[in-house]
1. Can you name every residue in region 41-81 that is of a type in the set (Gly, Ala, Ser), surrounded by 11 or more Cβ atoms within 10 Å (Cβ to Cβ) and without any contact (Cβ under 8 Å) to a residue 24 or more places away in the chain?
2. Among the residues of region 1-32, what is the count of those that are within 20 Å of SER44 (Cβ to Cβ) and buried (at least 16 other Cβ atoms within 10 Å of the Cβ)?
3. Quick one: count up the residues across region 82-95 that are buried (at least 16 other Cβ atoms within 10 Å of the Cβ) and at pLDDT 95 or above.
Amino acid sequence: MFKDLDPILHSQLRLAIMSLLIGVQEAEFTFLKEKTGATAGNLSVQVQKLKEAGYIEVVKQFKDNYPQTLCKITAKGIDAFAQYVEDLKGYLGRA
């Protein structure tokens, strides 16, 4: 039996965001935008969905008088990502 994949992570852009954050723990919005190639608007929507799921924390602050948005992966996000990878391996292992 195939497990249901997490619908929050089963989106290309949200999965890309989480994959980046797994490696760096936290990143600026501009870094995520550059690495994913997403528009600011689309990235913002997907970041909000991850935040609402509790997978990331979003911190808005000022750095050198400029607004800065940091995205940090949470423990819940790390667990969800690890489970998603394991569930996906279950699909690949049945091929």
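The values are calculated or read from the model by the stated rules, or taken from the named source; none is laboratory data. On a predicted model such as this, the values are computed, not experimentally measured, just so you know. As a convention, Cβ positions derive from the backbone with ideal geometry for all residues, glycine included, and neighbour counts pool all protein chains shown.
1. Initially, region 41-81 is screened for residues of a type in the set (Gly, Ala, Ser), giving 41, 44, 53-54, 75, 77, 80.
With surrounded by 11 or more Cβ atoms within 10 Å (Cβ to Cβ) added as a condition, the list becomes 44, 53-54, 77, 80.
SER44, GLY54, listed by residue number.
2. Narrowing region 1-32 to residues within 20 Å of SER44 (Cβ to Cβ): 7-21, 24, 26-32.
Subset that is buried (at least 16 other Cβ atoms within 10 Å of the Cβ): 8-9, 13-18, 20-21, 27, 29, 32.
Here the count works out to 13.
3. 1
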